[in-house]
1. Would you mind finding the one in B:Thr182, B:Thr120, B:Thr192 that is free of Cβ contacts under 8 Å to residues at least 60 places away in the same chain and touching a helix residue (DSSP H, G or I) at 6+ places or on another chain (Cβ under 9 Å)?
2. Go through region A:42-59 and report how many residues are within 11 Å of ligand 3 (Cβ to nearest atom) and open to solvent by less than 70 Å² (accessible area, probe 1.4 Å).
3. Of the residues B:Ile9, B:Ile47, which single one is closer than 27 Å to A:Tyr70 by Cα, within 7 Å of chain A (Cβ to nearest Cβ) and buried (at least 18 other Cβ atoms within 10 Å of the Cβ)?
4. Of all residues in region B:60-113, count the ones that are of a type in the set (D, E, K, R), over 21 Å from B:Cys34 (Cβ atoms) and open to solvent by less than 60 Å² (accessible area, probe 1.4 Å).
5. In region B:44-88, which residues are assigned to a loop (DSSP other than H, G, I, E, B), within 23 Å of B:Ile112 (Cβ to Cβ) and β-branched (Val, Ile, Thr)?
6. Scan region B:213-256 for residues that are over 30 Å from B:Pro180 (Cα atoms), charged (D, E, K, R) and more than 16 Å from ligand 3 (Cβ to nearest atom) and jot them down.
7. Under the condition of being touching a residue at least 60 places away in the same chain (Cβ under 8 Å) and facing chain B (nearest Cβ under 9 Å), which residue from region A:1-24 is surrounded by the fewest Cβ atoms within 10 Å (Cβ to Cβ)?
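The values are calculated or read from the model by the stated rules, or taken from the named source; none is laboratory data. Everything quoted here is computed from the prediction, not taken from an experiment. Neighbour counts are summed over all protein chains in view; Cβ atoms, including those assigned to glycine, are modelled from backbone coordinates with ideal geometry. Accessible surface areas use protein heavy atoms only, side chains included; no ligands, DNA or RNA. Shrake-Rupley method; radii C 1.70, N 1.55, O 1.52, S 1.80 Å.
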Amino acid sequence: MAKVKGAVVIDTEKCKGCEVCVVTCPTQTLALSHEVNGKGYNYSYSANPEACIGCANCAVVCPDGVITVYKMKVE
Amino acid sequence: MAEFNPKDIIKPENLVYRKSKVLTDNVMHYCPGCGHGTAHRTLAEVIEEEELQSRTIGITPVGCSVLMYNYLDIDMQEAAHGRAPALATAVKRLMPDRFVFTYQGDGDLAAIGTAETIHTCNRGENILILFVNNGIYGMTGGQMAPTTLLGMKSSTSPYGRDAATMGSPVKMADLVALLPGTCYVTRQSVHTAAGVRKLKKALKKAVEYQNKNMGTCFIEVVSNCPSNWKMTPVAANKWMEENMFPAYPLGDIKVPAGE
Ligand SMILES: Cc1ncc(C[n+]2csc(CCOP(=O)(O)OP(=O)(O)O)c2C)c(N)n1
Ligand code: SF4
Ligand code: SF4
Ligand code: SF4
């Protein structure tokens, strides 16, 4: 059966660690890092990448537009 | 199934979402989680998808979004505090082929600019007014705005807004919907993916109605101000749902006849 797999690329240096994407993700893919970026923010990253379905909800709510989303069908 | 590797997915042909090309690469100065960023992004996407980049003129307000012209790669003009609808009136009348919008906070639109807002809507100028209501004066340190909720604490209502001495929240969208010049009045949000997608649809309708010279479109975005509300962005969005939405219910308030 064909399944949909997604992947996100986050511009972590531009992320402000607001966490809005983390709580929006329906598959708990994202989390805030323990490390901080150059601005001192705990940036968002894909903590559970296998779970991503490429729905783009995280990117749609990101105030800073730092998330890019990819999606493909896998057998 | 082969071993999962996100690198196999991250290829141009699999792209489903990227930042709009109408946004510049400047980092927005907004506080983390501020709805202004999401509202800018959504508007930029609509301008890109409707191929309006070269014929849009935006009027920026005074308030946190005063520097909006640094973030959208379109023609923009800064107005004096509250006067964006007056300036937009002039721009649209001189250049009726342009897509003209104002972007205004609640202090800008509902306090110092009340007269411009009401009369522009009453005249039915063919512009879009995009109103971001966060219930407070964000830029200047969280003073009470006409939209501040009853009981809500601000730096100038430290014990909470009291109707007897400070009046009740002014519901601008409901007010302008009563005026004959408005053709479309709606209230939207930007803190969830569904909310952003609905705002996008509303913005596209506003483009269509402006193309048809149907009158003023007024889109309110009920938004947040985590910094002055003194909450994390996630807590601010929850507080907004529980407190702002009952006072400012989402949805269409006025739609053109036959829609
Ligand atoms: C004529 C004039 N009066 C007052 C000010 C000070 N001032 C700057 S921004 C602002 C309030 C902005 O609040 P709002 O429109 O709600 O926007 P926000 O910052 O919340 O996005 C005020 C009173 C000013 N710049 N010009
Ligand atoms: S694309 Fe969807 S599933 Fe993937 S991280 Fe973003 S919100 Fe989560
Ligand atoms: S929504 Fe955007 S800015 Fe906020 S934490 Fe997620 S990636 Fe960072
Ligand atoms: S002060 Fe409030 S409205 Fe202004 S950028 Fe910060 S969170 Fe946004």
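1. Working: B:Thr182 fails: free of Cβ contacts under 8 Å to residues at least 60 places away in the same chain; B:Thr120 fails: free of Cβ contacts under 8 Å to residues at least 60 places away in the same chain.
Exactly one residue qualifies, and that residue is B:Thr192.
2. So in region A:42-59, the residues within 11 Å of ligand 3 (Cβ to nearest atom) come out as A:42-46, A:57-59.
Restricting the remaining residues to those that are open to solvent by less than 70 Å² (accessible area, probe 1.4 Å) gives A:42-44, A:46, A:57-59.
Going through region A:42-59 one residue at a time, the tally reaches 7.
3. The unique qualifying residue is B:Ile9.
4. Going residue by residue through region B:60-113, those that are of a type in the set (D, E, K, R) are B:73, B:75, B:78, B:83, B:92-93, B:97-98, B:106, B:108.
After this cut, where a residue has to be over 21 Å from B:Cys34 (Cβ atoms) as well, the list is B:75, B:83, B:92-93, B:97-98.
The next check asks that each one be open to solvent by less than 60 Å² (accessible area, probe 1.4 Å); those that pass are B:92.
Looking only at that region, the number is 1.
5. Across region B:44-88, the qualifying residue is only B:Val62.
6. Result: B:Lys230, B:Glu241, B:Glu242.
7. The extreme case among them is A:Lys3.
Here's the yes/no breakdown for (1) in contact with a Lys or Arg (Cβ under 8 Å, 6 or more places away or on another chain); (2) closer than 19 Å to B:Ala88 by Cβ:
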| position | (1), (2) |
| --- | --- |
| B:Met152 | yes, no |
| B:Gly167 | no, no |
| B:Met172 | no, yes |
| B:Cys183 | yes, yes |
| B:Val222 | yes, no |
| B:Trp229 | no, no |
| B:Val234 | no, no |
| B:Pro246 | no, no |
